[in-house]
């Protein structure tokens, strides 16, 4: 519920429920619960279909929006960049490494290759909780250690 259609829909549902309770409290008008649910549902559908915000990719949000007949606006696809790997110059060894993290852990990994495009070795390790930058920096230090031990 961090962004997009769901916020508009949830706000509309809360507002509709609040309006229904206020009407019952101050105007002494009791509406049948089925008509109240229908009214709330139609307001949520109207609010959700009139927003241009993107929904998230979660199946939970998708199922809620579909139950309210809200048109799904999927997020835009990420930009895809082509990366061309170049082998190192003759008699050199190249190490390609990367670090990544999510909410629960971070890790790094690397691959050693020579100018003949032969795989000389690889490594990967979980570094626990931390940012991707720390994982990548730890991976660079580990690559230097491995290179020093194998030279």
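The values are calculated or read from the model by the stated rules, or taken from the named source; none is laboratory data. Note that the structure is predicted; figures quoted are calculated from it, not measured. Please note: Cβ atoms are built from the backbone with ideal geometry, for glycine as well, and neighbour counts cover all protein chains shown.
In segment 118-134, of all residues being within 19 Å of residue 151 (Cα to Cα) and touching a strand residue (DSSP E or B) at 6+ places or on another chain (Cβ under 7 Å), the one that is surrounded by the most Cβ atoms within 10 Å (Cβ to Cβ) corresponds to 123.
So that you can scan it fast, the table gives a plain yes or no per residue for (1) at negative phi; (2) in contact (Cβ under 8 Å) with a residue 40 or more places away in the chain; (3) within 14 Å of the chain's Cα centre (by Cα):
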| residue | (1), (2), (3) |
| --- | --- |
| 65 | yes, yes, no |
| 77 | yes, no, yes |
| 84 | yes, no, no |
| 88 | yes, no, no |
| 91 | no, no, no |
| 96 | yes, no, no |
| 101 | yes, no, yes |
| 105 | yes, no, no |
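When we screen 58, 115 for residues that are surrounded by 11 or more Cβ atoms within 10 Å (Cβ to Cβ) and either more than 30 Å from residue 40 (Cα to Cα) or not assigned by TED's automatic domain parsing to the domain that holds residue 38 (or both), the only hit is 115.
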